[in-house]
Amino acid sequence: MEQLHSRALGEGWRKLVVDGIAATPVTLKRGPAVKVVDGPRTETVPREEWPARLDALLESARNVHLLAPDGDLHARRTKKGNWLVSHAKPSSATPVAEEHDRERQHALPADAPLFRATKISRDKERQVQHYVELLRPLPLWERETIRVVDAGCGKAYMSLALVAYGREVGTRVELVGLDTNPQVIETTRAIAEGLGYDEARFEATSIDEYESEQPIDLLVSLHACDTATDEAIAAGVRLGAEAIVVAPCCHHELAAQIAGQKDALLRHGLLLGRQADLVTDALRAAALEMLGYRVDVIEFVSTEHTAKNLMLRAERAPSAPRAERAAAEYVELRDRWEVEPAIERLLGERLPVSPRV
């Protein structure tokens, strides 16, 4: 801990996070200082006053993270009051900013090791940055540790970005990536190990077979085909997730069910597919609201990259009036289109609606 304290008093570090309070070295016209951000409050501490302020921050701290281009330091105080300090690879090699107004525009630095390790394109990097931006509003990031399950993780670029972002803000992201393809799991596991992400582990299994002894904080599932998104949502509910974030892909199930209802809207295959998308995701959102979640339906990526650009971001926030409204809307929509959605079958008795007659 003395080493971390000494480093924070010196030069060359990029960010210090103490129990969610972030400190960043800055250079002002009047001289060097440290910008301290504590929730909505921001203040600038002159360098000569920084030692005393640092001591005050560390006095009752439980988790401390110092990020620097030459390596990160992480410290955790045990229940007995002892400090456990670990060294890690730098979460970013970005040089320390020299100007006060030189703020990073994205959640992750442009030279984040994750981008080099995965060798993804610039376009994919932008999608990863946008994904983290969309998840940043979740209050989960105020916690010391969050448990994340990625259902159908694939190469897990997005979820590994959550681990990287957690290191940026001082939140440990304990990630479990699930995929039925063992080869994909091995590849992703190797990437995480190469990055030194000991917080991440991966299992070759389906989401409906996954069990957890503890509730999870966040379940994510990106571009899962057809009813696999419904399976991910149902698993998130079953596992007690505080937040569920899904970006659906194809919607074949309801397209097949409403295909026989020929009218001007459904006569053309392209319009039929788009209508099935809307009905499917509206039913999913209503189902989550019935079960105590507040749901935002937002654009995930630009339509110039993919037409499948919708995201459901659900956060547990029970509301009896919202649940009652959602139940009425769900039944009306389901019965109007005469469909039997997978989300209702998978959630079973958890969903407080009567079966369609």
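Arrange the residues His223, His252, His65 by how much accessible surface each exposes, largest first, with a 1.4 angstrom probe. Don't skip to the answer; put the middle values down first.
Working: His223 75, His252 115, His65 30 Å².
Correct descending sequence by accessible area is His252, His223, His65.
With the Cα gyration tensor of the range 188-324 in hand, give its eigenvalues times 5 under a square root as the equivalent ellipsoid semi-axes, listed largest first in whole angstrom.
29, 20, 14
Positive end of the dipole of the chain, charges at C-beta (+1 Lys, Arg; -1 Asp, Glu), about the Cα centre: which of Leu254, Ala228, Val36 has its Cα farthest in that direction?
Value computed over the given set: Val36.
What order do His5, His268 take when sorted by accessible area (1.4 Å probe), most exposed first?
Ranking His5, His268 by accessible area, largest first, yields His268, His5.
Going by alpha carbons, how many degrees (0 to 90, nearest 10) lie between the helix axis of 320-337 and the longest principal axis of the chain?
40
Reported to two decimal places, what Rg/Rh ratio describes the range 17-75 when computed on Cα atoms with Rh from the Kirkwood expression?
0.96
With a Cα-only, solvent-free Debye model of the range 158-234, what are the log10 I(q)/I(0) values at q = 0.20, 0.21, 0.23, 0.26 Å⁻¹?
-0.98, -1.07, -1.23, -1.40
Once the Cα atoms of helix 182-195 and of the chain are each reduced to a long axis, what angle between those two axes, in degrees from 0 to 90 to the nearest 10, is obtained?
Around 20 degrees separate the two axes.
With a 1.4 Å probe and every protein chain left in place, tell me how much accessible area Leu239 has, in Å² to the nearest 10.
Roll a 1.4 Å probe over it and Leu239 shows about 10 Å².
Working from Cα positions, state the angle (0 to 90°, nearest 10) between the long axis of helix 50-59 and the longest principal axis of the chain.
Roughly 60 degrees, rounded to the nearest 10.
Please list, by residue number, every one of the trypsin sites (Lys or Arg not before Pro) in the range 240-304 that is coil in DSSP and has at most 12 other beta-carbon atoms within 10 Å.
Numbers: sites: Lys262, Arg267, Arg274, Arg284, Arg294; in loops: Lys262, Arg267.
Hits after loop and neighbour filter: Lys262, Arg267.
Share of the chain's accessible area from carbon and sulfur, percent, 1.4 Å?
Of the solvent-accessible surface of the chain, carbon and sulfur hold 50 percent.
Which order do Arg201, Arg322, Arg334 take when ranked by solvent-accessible area (1.4 Å probe, heavy atoms of all protein chains), largest first?
Order by accessible area, largest first: Arg201, Arg322, Arg334.
Taking the DSSP beta bridges in the range 45-195 as the whole, what percent of them are antiparallel, to the nearest 5? Don't jump to the answer; show the numbers that get you there.
Values: 10 of 17 bridges.
If I count the DSSP bridges inside the range 45-195, around 60 percent turn out antiparallel.
Using the scaling law 2.2 N^0.38 Å as the reference, what is the normalised Cα Rg of the range 106-194? Spell out each step's value before the answer.
Values: Rg = 12.6 Å, N = 89, 2.2 N^0.38 = 12.1 Å.
Dividing the Cα radius of gyration by 2.2 N^0.38 Å gives 1.04.
Given DSSP loops and a limit of at most 13 other Cβ atoms within 10 Å, what is the longest stretch of the chain that contains no such GluC sites (Glu not before Pro)?
214-303
Going toward the positive end of the dipole of the chain, with +1 on Lys and Arg Cβ and -1 on Asp and Glu Cβ, which of Trp337, Val18, Val357 do you reach last?
Going by the charge dipole, the pick is Val18.
Which value, in debye to the nearest 20, gives the size of the charge dipole of the chain about its Cα centre, when Lys and Arg are +1 and Asp and Glu are -1 at the Cβ?
Working: 46 positive and 56 negative charges, 135 e Å.
The calculated dipole for the chain is roughly 640 debye.
At 10 °C and 1.306 mPa s, grab the translational diffusion coefficient of the chain from Stokes-Einstein with a Kirkwood Rh over Cα pairs, rounded to a whole number in µm² per second. Show your work: numbers first, answer last.
Working: Rh = 22.3 Å.
In µm²/s, the coefficient is 71.
State the antiparallel share, in %, of DSSP beta bridges confined to the chain, rounding to the nearest 5. Could you put the intermediate results ahead of the total?
Working: 41 of 61 bridges.
Just about 65 percent of them are antiparallel.
Give me the dipole magnitude in Debye, nearest 20, for the range 122-161 about the Cα centre, with unit charges on the beta carbon: positive for Lys and Arg, negative for Asp and Glu. If you can, show how the numbers build up before the last one.
Values: 7 positive and 6 negative charges, 25 e Å.
Taking the Cα centre of the range 122-161 as origin, the dipole is about 120 debye.
P(r) of the range 27-173 in 10 Å steps, Cα pairs, percent per bin?
9, 34, 38, 16, 3, 0
The values are calculated or read from the model by the stated rules, or taken from the named source; none is laboratory data. These numbers were taken from a predicted model, which means no experiment stands behind them. Cβ atoms come from the backbone with ideal geometry, glycine included; neighbour counts cover every protein chain shown. In case anyone asks, the SASA skips ligands and DNA or RNA and just uses the protein heavy atoms, side chains included. Shrake-Rupley method; radii C 1.70, N 1.55, O 1.52, S 1.80 Å.
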